[in-house]
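So the structure is just underneath, and the comments pick up after that.
What follows draws every value from the coordinates through simple rules; no lab data is involved. From a predicted model like this one, the values you see are computed outputs, not experimental measurements. Cβ: placed from backbone, ideal geometry, glycine included. Neighbour counts: every protein chain shown.
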Amino acid sequence: MIKNVQNIILLQGVVIIYTISGIMSKNASASGDRPVRLILFLGLDLMFLGIYAILWQQMIKRFELSVAYANRSMAILWSMIWAFVFFHDDITVKNIIGVLLVAVGTFIINTDTCEKTDNARRQDND
């Protein structure tokens, strides 16, 4: 069970890296007539996307594809947090309800996967 939780945390870390690229994109789009700033943020965006792509390949080796993509949907939560923290966007009740629905769905999929993994381990040990 602890190993499963560690894997889910690792997967969420990869999703966070993916959402950080969105911060870089938004900063690049706000560069206006400052080409150095534009190039800097586009470069950082590409760097984060490259790191994400490499790590994502490792995640889909480790997880069932349905589990990996269900956890990727948590990018909505992280993006909302970044929008509030870095860009001072408003968070509405509808935003919170939407994120809660996604989080509950992700939790259900993760819980089901953890139970299957634990049951498989028990059977292997018997």
Open item on the list: Along the charge dipole of the chain, pointing to its positive end and built from +1/-1 on Cβ of Lys, Arg, Asp and Glu, which listed residue (Ser21, Thr106, Val67) has its Cα farthest out?
Closed with: Ser21
Open item on the list: From the helices alone, meaning DSSP H stretches of at least four residues, give me the mean residue ellipticity at 222 nm for the chain, per-run term -39500 (n - 2.57), in deg cm²/dmol to the nearest 500.
Closed with: -30500 deg cm²/dmol
Task: Cα-projected label distance for Leu10 with Ile51, points at 7 Å along beta-carbon direction, nm - done: 1.7
Task: Table column - 3J(HN,Hα) (Hz), region 41-46, Karplus curve with 6.51, -1.76, 1.60, x for Gly and Pro - done: 6, 5, x, 5, 4, 4
Open item on the list: Below 12 angstrom from the Cβ of Ala83, what's the summed charge of the other residues (Lys, Arg +1; Asp, Glu -1)?
Closed with: -1
- [ ] Between beta-carbons, use under 13 Å as the cut-off and find the net charge around Asp45, counting Lys and Arg +1, Asp and Glu -1.
- [x] +2
Open item on the list: With +1 on the Cβ of every Lys and Arg and -1 on the Cβ of every Asp and Glu, and nothing else charged, how large is the dipole of the chain about its Cα centre, in debye rounded to the nearest 20?
Closed with: 220
Task: R0 of 22 Å, Cβ-Cβ distance Ser25-Arg62: FRET efficiency to nearest 0.05 - done: 0.20
Open item on the list: List the residues, sorted by chain then number, that are 5 or more residues from Asp89 or on another chain and whose placed amide H is less than 5 Å from its amide H.
Closed with: Phe84
Task: Asn95/Arg34 FRET efficiency (R0 41 Å; Cβ-Cβ; nearest 0.05) - done: 0.85
- [ ] Have a look at Ser79, Gln57, Leu42 and report the one farthest towards the positive end of the charge dipole of the chain, computed about the Cα centre with Cβ charges (Lys/Arg +1, Asp/Glu -1).
- [x] Leu42
Task: Vicinal HN-Hα couplings computed from phi for region 55-60 (Karplus, 6.51 cos²θ - 1.76 cosθ + 1.60; Hz; Gly/Pro x) - done: 5, 4, 4, 5, 5, 6
- [ ] Output ³J(HN,Hα) for region 85-91: one whole-Hz value per residue in order, computed from phi by the Karplus curve 6.51 cos²θ - 1.76 cosθ + 1.60 with θ = phi - 60°, and x for Gly and Pro.
- [x] 5, 8, 10, 6, 6, 7, 10
